[in-house]
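A quick write-up on the structure given underneath.
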Amino acid sequence: MEIKTFYISKKIVKVKISDITLKRKNNPLNLCDDEIFSLASSIKKNGLIEPIYLRRDINNPKKYILVDGLRRLKAFEFLGAKSIPAIILSLTDAEADMVFLYENENKKHISVFEKAFYMGEVLKSGRINKNELADALGISLKNLEKKLNILTLDNEEKKIMINHNFDEEFIFSVLKFEKEKRREILNEIIVKNLTNNEAKKYLEELKKPEIKRVKTATLTSDKIILNSLERMAMHLNDSGIEAESLKNELEDATEYILKINKKSQ
């Protein structure tokens, strides 16, 4: 699906916060008060760098639906603002979904977990399919499936990874293991208090094929002596001297004999 976004007005307008509604389900795991407080402090000091994106509510033309900018909106609410700078877009529900995902794909402050969460929610809505979403994001279907696989992690696993600031490379690597093995790996990382790079090296070691030790045959002193005598006898026979190796078990000892025929000497 080709995304077409049409600006009702290219200029930035101020919209009353009370006129903005949120239709998108938010991920509670990543939207925290500290982050909103930090953003609010930055906006108060430096101003708003980028306006939020809205579209009109077709069921209520006097109201707007948020397309992108939840954190900025929450920060303005925290500051007690009555209105917020916005750009109004003309979009269908499906287009709004994909604009939202596209805008957030390259934002560093949004975690890989949150991106996967919103992708999953958009796909569950049935408004777009995986092929359309992959095209909109400019990624392959295989890459999209890889990102969506993050949804198989439970909240406890996600919290461990977030608290340890693990990067996407580590997250995608640990996803290659079965769930039970994943939990074992994460517990080991917590116990050892590994950094992101140390954790990645630990995973690399786990992925290496196990080297099975080959059992080497052990020779007893008895076999060593017999082998030596047999080789000596063989060399003598090759030289034209008749010889043979013998072993006799005596009452209190073992007798090894190299017997050489005197006539052949």
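Coordinate-derived values only; no laboratory data. Small disclaimer: the values here were computed from a predicted structure and weren't measured. All Cβ positions, glycine included, derive from the backbone under ideal geometry; neighbour counts span all protein chains shown.
Okay, here's what the table says:
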{"read-out": "Simple label model, 7 Å out from Cα along Cβ direction - Ile139 to Ile190, nm", "value": "2.8"}
{"read-out": "Label-zone membership for the range 45-62, site Leu79, 7 angstrom Cα→C-beta point, backbone N under 13 Å", "value": "45-52"}
{"read-out": "Per-residue Cβ neighbour rank within 10 angstrom, fewest leading, Lys63, Lys82", "value": "Lys82, Lys63"}
{"read-out": "Exposure proxy order (Cβ contacts within 10 Å, fewest to most) of Ser18, Ser42", "value": "Ser18, Ser42"}
